1. If you check THR263, THR274, THR268, which single one turns out to be among the hydroxyl-bearing types (Ser, Thr, Tyr) and in a helix (DSSP H, G or I)?
2. Return only the number of the condition from (1) surrounded by fewer than 22 Cβ atoms within 10 Å (Cβ to Cβ); (2) in a strand (DSSP E or B) that ALA53 does not satisfy.
3. Across the stretch 32-54, what is the number of residues that are touching a strand residue (DSSP E or B) at 6+ places or on another chain (Cβ under 6 Å) and under 12 Å from GLY210 (Cβ atoms)?
4. Limited to the stretch 68-96, what total is found for residues that are over 24 Å from ALA172 (Cβ atoms) and not aromatic (Phe, Trp, Tyr)?
5. Inside the stretch 57-116, can you point out the residues that are surrounded by 18 or more Cβ atoms within 10 Å (Cβ to Cβ) and either polar (S, T, N, Q) or part of a strand (DSSP E or B) (or both)?
6. Would you mind stating whether ALA306 is within 30 Å of PRO83 (Cβ to Cβ) and modelled with pLDDT under 95?
7. Restricting to the stretch 27-43, give me the number of residues that are more than 14 Å from GLY116 (Cα to Cα), of a type outside the set (Val, Ile, Thr) and buried (at least 23 other Cβ atoms within 10 Å of the Cβ).
8. Considering only the stretch 155-174, I want to know if a residue exists there that is of a type outside the set (A, V, I, L, M, F, W, C) and under 17 Å from SER49 (Cα atoms).
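The values are calculated or read from the model by the stated rules, or taken from the named source; none is laboratory data. What you are looking at is a predicted structure, and each value in this text was computed from that prediction instead of being measured. A quick note on method: Cβ atoms are made from the backbone with ideal geometry, for glycine too, and the neighbour counts reach across all protein chains shown.
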Amino acid sequence: MMGEACGANHQDEQVVAVGRGISLAYEEIGAEDGEPLLLVAGLGQQLHSWPDAFCEVLAERGYRVVRFDNRDVGRSTHEDFRPAKFASMLVGRFPVGQYDLVDLAEDTVGLLDALGIESTHVVGVSMGGMIAQTVAARHPDRVRTLTSIMSTTGARRIGRPALSTLRLMGAAPPKTREAAIQRALMMFRHIGSHGFPMDEEWVSARAGRGWDRDPSSAGTGRQLGAIMKSGDRTPSLRSVAAPTLVIHGDRDRMVHPTGGAATVRAITGARLETITGMGHDLPKAAWPRLLDLIDDHARVTRSADARDTTAS
């Protein structure tokens, strides 16, 4: 099952200060001397949105996997200002204190500092892909490889959600654990991978665990504000030097596949892998390809490092 606990190398969740008054909750999976690999979660998603068993496979392949709660979700620091209404975001009006993707990227680098990780492979999904891209652009020495999954550049009219998806996103937040589970099932029946089986038990378990860790909803609105405030990041992505892999499903209703194509155009040397039938989730039936793509991409750099060491 997707929700199975990881093995003996799964360290307990911890919280660490990352600077500027922010603390992040994180978990490590795999040997401490493994190749560092950081997983960055998407909008409103907590660290366990990266399935335990998915992380365990990466650990078995030799990676020191780190997954964490971004600011404003889970057990990481929550801000206390009221998020802007979506209409206000569209015209660039944000409350005092609204952070952006650069701030979330700096949180991420602060986590690497706290864990003593000088450089790492960075894999981000959706908003996590935007954060990963920003880390790679601003801190090229910290990123060995970049893998951006179902994400975009922030360019207008690119990678936009379907209108039907926006309507679902605008629904009132759930007020009970059971309502949160039903909301998650409804959303992932819509944005999930229609070309692969949906594991409703996993979606329910993830939503329930998320409610137990953090029943608040305002943090998601503040994270959305960070995306909207950041605008078009295409110019900054020109400076990404890390080998970059972009993965996108052809049936994504949350971030249209044009977002993946724009990311490839923006980052020099990036390559695109399209997964037929995948939507805006990580379906278990697609894991073999996803894991191989992530691993193979990282191993290209590992092989190059080994050749450089041998040559010297």
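1. Numbers: THR274 fails: in a helix (DSSP H, G or I); THR268 fails: in a helix (DSSP H, G or I).
When all the criteria are applied, what remains is THR263.
2. Unmet for ALA53, out of (1) surrounded by fewer than 22 Cβ atoms within 10 Å (Cβ to Cβ); (2) in a strand (DSSP E or B): (2).
3. 1
4. Filtering the stretch 68-96 down to residues over 24 Å from ALA172 (Cβ atoms) leaves 68, 75-77, 92, 96.
From what is left, the residues that are not aromatic (Phe, Trp, Tyr) are 75-77, 92, 96.
The qualifying residues number 5.
5. TYR63, ARG64, VAL65, VAL66, ARG67, PHE68, ASN70, SER76, THR77, GLN98, THR108 - these are the residues of the stretch 57-116 that are surrounded by 18 or more Cβ atoms within 10 Å (Cβ to Cβ) and either polar (S, T, N, Q) or part of a strand (DSSP E or B) (or both).
6. Working: within 30 Å of PRO83 (Cβ to Cβ): no; modelled with pLDDT under 95: yes.
Taking the combined requirement at face value, the residue does not satisfy it.
7. Here is the first cut: in the stretch 27-43, the ones more than 14 Å from GLY116 (Cα to Cα) are 27, 29-31, 39-43.
Right, trim to of a type outside the set (Val, Ile, Thr) and you get 27, 30-31, 39, 41-43.
Cutting the leftovers down to buried (at least 23 other Cβ atoms within 10 Å of the Cβ) gives us 30, 39, 41-42.
Within the stretch 27-43, residues that are more than 14 Å from GLY116 (Cα to Cα), of a type outside the set (Val, Ile, Thr) and buried (at least 23 other Cβ atoms within 10 Å of the Cβ) number 4.
8. Going residue by residue through the stretch 155-174, those that are of a type outside the set (A, V, I, L, M, F, W, C) are 156-157, 159-161, 164-165, 167, 170, 173-174.
Restricting the remaining residues to those that are under 17 Å from SER49 (Cα atoms) gives none.
Taking every residue of the stretch 155-174 in turn, none turns out to be of a type outside the set (A, V, I, L, M, F, W, C) and under 17 Å from SER49 (Cα atoms).
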